[in-house]
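> Mind looking over this structure? Questions follow.
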């Protein structure tokens with residue numbers, strides 16, 4: 001059993017879901033990082049501001065001590081005592097640490113959780129010493145506790161002291177960690193919701209595709225009459241309409257091929273049937289002549305006459321078939337034909353036939369000329385007159401006439417004989433079709449005359465129309481272009497001939 005591949009909705013699902021989750025993850029991480037950096041920058045600024053506040057407090061304290069003592073200089077001991085007192089007072093109600101160093105020696109400190117003269121700050125101070133205007137701030141991690149350490153020079157009585165302040169900012173990192181965990185939980189639930197959303201959305205959006213796919217499977221299975229109802233987006237509706245057009249075209253082509261095959265089968269069946277009867281008669285009477293020892297003169301003539309008549313039928317049938325085959329494959333050799341001359345030749349060629357049947361031909365020709373294949377046109381008119389003579393009784397008349405229209409020459413062959421009903425008129429141009437087969441065979445007909453005339457009319461870009469009423473007579477109209485056809489018109493005649501063949505098959 002052939003394994004089925006991954007469905008389209010699964011491919012889209014497994015492509016969109018990771019991309020969406022990844023995009024949300026990257027966006028939240030970027031937002032957290034930006035927020036964290038801004039928060040740290042704010043804490044550093046706050047530390048720098050508070051450090052400046054302490055520096056100002058130290059200067060004010062020393063100025064106060066000088067004023068209280070009345071001495072403009074406090075000396076190292078006095079400065080040390082003042083710094084220790086000030087450090088204790090400044091950090092009494094604060095969580096911050098404060099320390100003062102001189103020449104790497106600690107003079108005063110309070111709430112300092114670690115040695116300030118060590119680590120990155122010390123390395124930074126050693127590489128680039130502080131100046132009197134600078135306040136340098138660094139971050140410090142001690143046992144998973146985070147601090148900002150601010151340092152600046154404090155000039156006192158021509159001596160440089162280093163003032164350090166420490167602020168704990170562990171809560172900032174804890175908030176960042178909680179935010180990261182919150183985002184992770186959010187991404188988990190977001191992934192579940194997005195998966196459900198994409199699943200149902202894809203099922204909804206691709207449902208027209210499943211509808212189209214099932215329709216194509218039915219059409220591929222032979223149901224060419226199926227038509228898809230346009231559903232979904234504009235693309236799916238356009239696809240459904242195109243598939244419908246394809247199915248309609250395939251259905252029409254198959255019908256044409258089937259009708260053509262049926263028509264050819266009927267043609268062959270009718271041909272075999274038409275040939276079987278005269279051949280059976282010929283063989284039967286010939287065998288009688290061969291086997292029977294004594295044959296009277298009357299019987300011999302009777303048997304020989306039957307053989308001759310059936311042979312004539314076969315000759316007529318083969319002739320008509322050759323004409324029909326020639327008309328199917330021939331390219332008309334159109335030349336200018338004077339109508340009076342054409343009618344005179346036709347009258348001469350049909351006169352023995354009409355005389356034998358006791359029918360008179362009336363000719364009405366206004367003169368003029370037209371472009372046509374002379375032999376094909378003569379064959380067409382001869383067959384029309386022959387059919388009219390078969391339908392007429394002895395002593396009746398047949399009229400051959402023509403008239404000029406704007407672009408066409410209209411020929412007509414009329415008789416006042418037995419006529420045809422509507423069903424017979426509709427099928428009269430089908431090969432081998434005969435309304436009264438016994439009568440037609442008696443008259444030597446094979447049901448090919450009108451079919452041949454219709455083909456000849458199509459070859460010239462014209463048409464054949466039959467007007468008839470039962471027991472009142474028949475008129476067959478043949479319309480042909482009177483001017484010489486151009487190259488484009490000749491090509492259109494050829495294509496129209498193919499289409500007409502398909503239409504007749506249907």
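> Among the residues that make up segment 168-187, is at least one of them free of Cβ contacts under 8 Å to residues at least 12 places away in the same chain, in a helix (DSSP H, G or I) and farther than 27 Å from residue 142 by Cβ?
Yes, there is a match, as at least one residue in segment 168-187 is free of Cβ contacts under 8 Å to residues at least 12 places away in the same chain, in a helix (DSSP H, G or I) and farther than 27 Å from residue 142 by Cβ.
> Let me ask another. Every residue in segment 465-479 that is touching a strand residue (DSSP E or B) at 6+ places or on another chain (Cβ under 9 Å) and within 11 Å of residue 391 (Cβ to Cβ), please.
Passing the criteria: 468, 473, 474, 476.
> Does residue 263 qualify as being in a helix (DSSP H, G or I), at pLDDT below 70 and in contact with a helix residue (DSSP H, G or I) (Cβ under 7 Å, 6 or more places away or on another chain)?
Judged against the criteria, residue 263 is a match.
> I would also like to ask the following. If you go through segment 225-241 one residue at a time, how many are surrounded by fewer than 12 Cβ atoms within 10 Å (Cβ to Cβ) and either touching a residue at least 60 places away in the same chain (Cβ under 8 Å) or closer than 23 Å to residue 254 by Cα (or both)?
2
> I would also like to ask the following. Just one of (1) modelled with pLDDT under 50; (2) touching a helix residue (DSSP H, G or I) at 6+ places or on another chain (Cβ under 6 Å) trips up residue 466, so point out which.
(1)
> The conditions are (1) at pLDDT 80 or above; (2) under 30 Å from residue 101 (Cα atoms), and residue 217 fails exactly one of them. Which is it?
Here residue 217 clears every test but (2).
Yes or no, residue by residue, for (1) surrounded by fewer than 21 Cβ atoms within 10 Å (Cβ to Cβ); (2) at pLDDT below 85; (3) part of a helix (DSSP H, G or I):
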site	(1), (2), (3)
376	no, yes, yes
385	no, no, yes
398	no, no, no
402	no, no, no
419	yes, no, no
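> Report yes if residue 490 is at pLDDT below 65 and assigned by TED's automatic domain parsing to the domain that holds residue 370, otherwise no.
Considered against the rule, which asks whether it is at pLDDT below 65 and assigned by TED's automatic domain parsing to the domain that holds residue 370, residue 490 comes out as yes.
Each row is one residue, and each column tells you yes or no for (1) surrounded by 13 or more Cβ atoms within 10 Å (Cβ to Cβ); (2) within 58 Å of the chain's Cα centre (by Cα); (3) assigned by TED's automatic domain parsing to the domain that holds residue 139.
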| residue | (1), (2), (3) |
| --- | --- |
| 157 | yes, no, yes |
| 161 | yes, no, yes |
| 167 | yes, no, yes |
| 172 | yes, no, yes |
| 193 | no, yes, no |
| 206 | yes, yes, no |
| 210 | yes, yes, no |
| 220 | no, yes, no |
| 223 | no, yes, no |
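> Which of the residues belonging to segment 123-152 are at pLDDT 85 or above, farther than 14 Å from residue 43 by Cβ and in contact with a strand residue (DSSP E or B) (Cβ under 6 Å, 6 or more places away or on another chain)?
Hits for segment 123-152 are 135, 136, 151, 152.
> A follow-up question, please. Taking residue 442 and the conditions (1) on the phi < 0 side of the Ramachandran plot; (2) modelled with pLDDT under 85; (3) touching a helix residue (DSSP H, G or I) at 6+ places or on another chain (Cβ under 9 Å), which numbered condition does it fall short on, given that it satisfies the others?
(3)
> How about segment 346-364: which of its residues are touching a strand residue (DSSP E or B) at 6+ places or on another chain (Cβ under 8 Å) and either surrounded by 17 or more Cβ atoms within 10 Å (Cβ to Cβ) or in a helix (DSSP H, G or I) (or both)?
The answer is 346, 347, 350, 351, 354, 359, 361.
> Would you be able to say whether some residue in segment 34-44 is at pLDDT below 85 and exposed (fewer than 13 other Cβ atoms within 10 Å of the Cβ)?
Looking for residues that are at pLDDT below 85 and exposed (fewer than 13 other Cβ atoms within 10 Å of the Cβ), one finds none in segment 34-44, hence no.
> While we're on this one: In segment 309-334, what residues are loosely packed, with under 12 Cβ neighbours inside 10 Å and either modelled with pLDDT of 75 or more or in contact with a strand residue (DSSP E or B) (Cβ under 8 Å, 6 or more places away or on another chain) (or both)?
The answer is 333, and nothing else.
The values are calculated or read from the model by the stated rules, or taken from the named source; none is laboratory data. All figures in this text were calculated on a predicted structure; none of them were measured in a lab. Backbone-built Cβ (ideal geometry, glycine too); neighbour counts: all protein chains shown.
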